[in-house]
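> Please find one structure pasted underneath; my questions will follow.
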Amino acid sequence: MNLYAGKILKVDLTHGTVTAEPLPGKWIRRYWGCWGLAVRLYTDLADPVVDPMAPENPLVIMTGPFCGTAVPLASRFCMVSKSPYTGTIFETNCGGAFGPELKYAGYDGLVITGASQRLVTLTIADGDVRLEDASDLAGKGIFETEAALKARPGLAEAKVLAIGPAGENRVGYACIGSEAYRQMGRAGGGALFGSKNLKAVVCRGTGGVAVADMPAFLAKVDHYKKTDLLTEDNLWAKTDGTPILVDVTNEMGIHPTRNFTHGVNEGKDAINSDAIKRNKVADRACASCPLGCGNYTRIKDAAVEGPEYETLCLAGSNCGMNDLEAVIRFNRLCDDLGLDTISAGNTIALAMDLTESGIHDYNLRFGEPDQYLQVLSEIAHLSTDRGRQLARGAWETAAAHGALDRVAASKKLEFPAYEPRGNYGMGVAYATSERGACHLRAFTIFSETPFDVEAMVRHVIADQNKNAIKWSMCFCDFWGTVSPEIMADLLTAGLGEPVTAEELTAAGERIWNLIRLFNVKAGFGSDQDTLPPKIFREPLKGGPHAGRVFSQEDFAKARALYYELRGWDENGMPTDEKLAQLELTRL
Amino acid sequence: MTAQLLAVPERCTGCMRCATVCSALKEGMFRPSRARLHVVNFPLEGFSAPGICFHCPKADCEKACPEKAISRDEHGAVVVDRSLCNGCGDCVAACPYGMIVLDDEAKAFKCDLCGGDPACVKECEFGALLYGKPEGDLLKARGLQMKQRMPGEMAPEEKRRNLAVNLMKALRSDG
């Protein structure tokens, strides 16, 4: 089969069985791969009201059609399931080299159901697939787990997905790590592995990915790489990587600082891209990427690939931590323990705010690194009272102290590092994302009209539809200029049959609506498509947008317009007309 | 001295484009495990080393071949004549770097420098693979890499990994 491996591996952890099944052909040209195909497979299997932590909640891990080929920035893979953190359907994706390895082993994806009685690993070595006891890895960090698995015979070149103690202990914002510093980060994928007693998936593949006409395909890849990818719009990723956003967002006044109270961090020069460059040891890249945005940095004995922008801001500025060495240590600890740095940074910043305002003493203070580093292990191991509380995340912690006015989260998922009071589009993006506050569904920070409600709503919808198909092709965000036309041309050359940009664009909207159908059935509606009280009521401090809020009235207008333009009713349910247009049926 | 394929591990990001494109051109599919060069990645340490054939001046594989199937072409590349290969595997054991192996039909295959225009070099955006006359630091880098000779009984994959481990230790103070 061209571009696809043509098989899905079904893993039943309750019965300890694995079977390879054909990729469902009827869905390929409607959902394509990665996010889209995973959503289609997941919604076919899962009851929308399922308890996320129950054995009945499946996990679907998927690659996409370009994964494993020379198409650049196309090696990502994703997981779709119902989140134990938000209660919504969610998608979380990851770079590195696991996705291509799975394709080379002969599988487009994995469907994992049930739960094991004992801690196990799933080992895939081409056609040899086994579930093995992992009691020797219990409690181990992700780094040690990966090293132990790769030390087994024949697996030196394998790629690993693994959880650390946070995932085993089912911390709500536990991540799944891969290749040390890459994660399926947000909304609790690690807790889902933990709920199934699945410590790791280790994969070695020695097969290949075929295309219809290799010389023609390579010529197209080279053409788009040179004329579109390696151009000014995208080269920031090569020269700087995501730390460039520290200066950019500060200049815009949308840089979350000190638990989302300020829009600028006066001390940002300690953690910006120039600071990263001073401490950089090497450039790093995911499989297939000629940009290499990863910065391997080291200060004294602390080293990490990163920190990326989200970590620099949310574990840096937002915790008042203008100390790159401390942020590097924080990043490395989270990656090893298996904690999402965005949720961890937000939760600790909230605890600092609660401590300093006298609401509750968590012994955490802005800018003080010792306890900020110490508490991570307490969270991952649930080993202290404050660790157990903060393991529940920022929303639940604020709620426990009657302090929801201090939290920055939508659908209980903490905000990423862009202040919505300084850019209303990001507020609409956070409120309408399927998994809670997210910057990877729509990204409006470069808009010229950040307070024009209608323009922002239109921008968000266009981004959501486009990204739904871009993530379904397993592309990285950072090929910012990749278009449905480029994707269609590459698919046409790879598959050997015509694909149009129009059908891909339609698929993007179809995927977004199918996700919505699931969330509505899971009990989500307009009440949850919202922003927390501080965004509506508490004026932002500092910078060009000092004094601004995103008022509840403006937000209500934005949400109503969003539903109308989406073809949804006033509670956010897709209408019959919209579903008929997209050839979708209700779940 | 003719042009040589040269590797600079400190510049390698581990993206694997070289091996991915190499396999596409030589095998007709994207299959890095069958590429003519191999990148060994150490993600935790942020280090990668491209494993390349050095086309050694006195090539051990060439000397080991009982069928004279291995020779040097006009570009200085050490190449295999598949029609003469008897699949004995003596070359595989003889190469200290793990850069010649047998395919599914038990015929030896290796890097041929793409007829003097190696595709892997054109694919590398970070200058970790170069094609030219080794001078100065590049000559030293080639010397350090060629010094890491692995014993014959070791499997090719293991030779390449151990070589890369040695390079990381030599090039990284925290290796």
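The values are calculated or read from the model by the stated rules, or taken from the named source; none is laboratory data. Just so we're clear, the structure is a prediction, and the values are computed from it rather than from any experiment. Backbone-built Cβ (ideal geometry, glycine too); neighbour counts: all protein chains shown. Quick note on the areas: whole protein, heavy atoms, side chains included, nothing else; ligands and nucleic acids left out. Shrake-Rupley method; radii C 1.70, N 1.55, O 1.52, S 1.80 Å.
> For B:Ala155, are the conditions met, namely being at negative phi, modelled with pLDDT of 95 or more and within 14 Å of chain A (Cβ to nearest Cβ)? Show your work before the answer.
Values: at negative phi: yes; modelled with pLDDT of 95 or more: yes; within 14 Å of chain A (Cβ to nearest Cβ): yes.
Against the criterion (at negative phi, modelled with pLDDT of 95 or more and within 14 Å of chain A (Cβ to nearest Cβ)), B:Ala155 qualifies.
> Another one. Specify which of the listed residues (A:Ile328, A:Ile299, A:Ile359) is of a type in the set (A, V, I, L, M), surrounded by fewer than 18 Cβ atoms within 10 Å (Cβ to Cβ) and within 14 Å of chain B (Cβ to nearest Cβ). Break it down into steps so the answer makes sense when it comes.
Working: A:Ile328 fails: surrounded by fewer than 18 Cβ atoms within 10 Å (Cβ to Cβ); A:Ile359 fails: within 14 Å of chain B (Cβ to nearest Cβ).
None of the others qualify; the one that does is A:Ile299.
> Could you pull out the residue among A:Asp463, A:Asp385, A:Asp405 that is in contact (Cβ under 8 Å) with a residue 60 or more places away in the chain, surrounded by fewer than 20 Cβ atoms within 10 Å (Cβ to Cβ) and over 20 Å from A:Gly185 (Cα atoms)? Please lay out each step first, then the result.
Details: A:Asp463 fails: in contact (Cβ under 8 Å) with a residue 60 or more places away in the chain; A:Asp385 fails: in contact (Cβ under 8 Å) with a residue 60 or more places away in the chain.
Just one listed residue meets the conditions, A:Asp405.
> Hey, another quick one. So which helices (runs of 4 or more DSSP H) stay within region A:4-114 end to end and still have 1 or more residues that are under 18 Å from the mean Cα position of the chain (by Cα)? Walk me through how you get there before you give the answer.
Details: elements: A:25-31, A:34-45, A:98-105.
The helices (runs of 4 or more DSSP H) meeting that bar are A:34-45, A:98-105.
> I'm trying to understand the selection: among the residues of region B:46-72, which are in contact with a Lys or Arg (Cβ under 7 Å, 6 or more places away or on another chain), in a strand (DSSP E or B) and more than 11 Å from chain A (Cβ to nearest Cβ)?
B:Gly51
> Follow-up. Just to be sure, is A:Ala394 touching a strand residue (DSSP E or B) at 6+ places or on another chain (Cβ under 8 Å), in the same structural domain as A:Asp336 (by TED's automatic domain parsing) and at pLDDT 95 or above? First the steps, then the outcome.
On the way: touching a strand residue (DSSP E or B) at 6+ places or on another chain (Cβ under 8 Å): yes; in the same structural domain as A:Asp336 (by TED's automatic domain parsing): yes; at pLDDT 95 or above: yes.
Against the criterion (touching a strand residue (DSSP E or B) at 6+ places or on another chain (Cβ under 8 Å), in the same structural domain as A:Asp336 (by TED's automatic domain parsing) and at pLDDT 95 or above), A:Ala394 qualifies.
> Could you check region A:12-40 and list, in sequence order, the residues that are under 26 Å from A:Phe475 (Cα atoms) and open to solvent by less than 20 Å² (accessible area, probe 1.4 Å)?
Looking only at region A:12-40, we keep the residues that are under 26 Å from A:Phe475 (Cα atoms), and these are A:20-40.
Correct list: A:Leu23, A:Ile28, A:Tyr31, A:Trp32, A:Gly33, A:Cys34, A:Trp35, A:Gly36, A:Leu37, A:Ala38, A:Val39.
> Say we look at region A:271-296 and pick out the residues that are hydrophobic (A, V, I, L, M, F, W, C) and in contact with a helix residue (DSSP H, G or I) (Cβ under 6 Å, 6 or more places away or on another chain); which of these is farthest from the other protein chains (Cβ to nearest Cβ)?
Our first condition is that a residue be hydrophobic (A, V, I, L, M, F, W, C); within region A:271-296, this holds for A:271, A:275-276, A:281-282, A:285-287, A:289, A:291, A:293.
Subset that is in contact with a helix residue (DSSP H, G or I) (Cβ under 6 Å, 6 or more places away or on another chain): A:271, A:275, A:287, A:291, A:293.
Working: A:Ile271: 19, A:Ala275: 17, A:Ala287: 5, A:Leu291: 8, A:Cys293: 10 Å.
Looking at residues that are hydrophobic (A, V, I, L, M, F, W, C) and in contact with a helix residue (DSSP H, G or I) (Cβ under 6 Å, 6 or more places away or on another chain), I get A:Ile271.
> Condition first: acidic (Asp, Glu) and surrounded by 18 or more Cβ atoms within 10 Å (Cβ to Cβ). Now tell me which residues in region A:517-553 satisfy that.
Looking only at region A:517-553, we keep the residues that are acidic (Asp, Glu), and these are A:527, A:529, A:538, A:553.
Across region A:517-553, the qualifying residue is only A:Asp529.
> So, in region A:110-145, how many residues would count as being open to solvent by less than 10 Å² (accessible area, probe 1.4 Å) and either in contact with a Phe, Trp or Tyr (Cβ under 8 Å, 6 or more places away or on another chain) or within 14 Å of chain B (Cβ to nearest Cβ) (or both)?
Of the residues in region A:110-145, 3 are open to solvent by less than 10 Å² (accessible area, probe 1.4 Å) and either in contact with a Phe, Trp or Tyr (Cβ under 8 Å, 6 or more places away or on another chain) or within 14 Å of chain B (Cβ to nearest Cβ) (or both).
> Which members of region B:1-45 meet the condition of being within 7 Å of another protein chain (Cβ to nearest Cβ), among the aliphatic types (A, V, I, L, M) and open to solvent by 20 Å² or more (accessible area, probe 1.4 Å)?
B:Met16, B:Met29, B:Leu44
> Just checking, which of A:Thr530, A:Thr500 is in contact with a strand residue (DSSP E or B) (Cβ under 8 Å, 6 or more places away or on another chain) and among the hydroxyl-bearing types (Ser, Thr, Tyr)? Before the answer, list the steps.
Values: A:Thr500 fails: in contact with a strand residue (DSSP E or B) (Cβ under 8 Å, 6 or more places away or on another chain).
Just a single option satisfies the conditions, and that option is A:Thr530.
> Whether any residue in region A:178-196 is among the acidic types (Asp, Glu), crowded, with 18+ Cβ neighbours inside 10 Å and not in a loop (DSSP other than H, G, I, E, B) is what I want to check. Spell out the reasoning first.
Our first condition is that a residue be among the acidic types (Asp, Glu); within region A:178-196, this holds for A:179.
Then drop every residue that is not crowded, with 18+ Cβ neighbours inside 10 Å, which leaves A:179.
Remaining after also requiring not in a loop (DSSP other than H, G, I, E, B): none.
No, there is no match, as no residue in region A:178-196 is among the acidic types (Asp, Glu), crowded, with 18+ Cβ neighbours inside 10 Å and not in a loop (DSSP other than H, G, I, E, B).
> Just checking: which of the helices (runs of 4 or more DSSP H) contained wholly in region A:198-293 hold 2 or more residues that are among the basic types (Lys, Arg)?
Working: elements: A:214-224, A:236-239, A:244-252, A:273-278.
The qualifying helices (runs of 4 or more DSSP H) are A:273-278.
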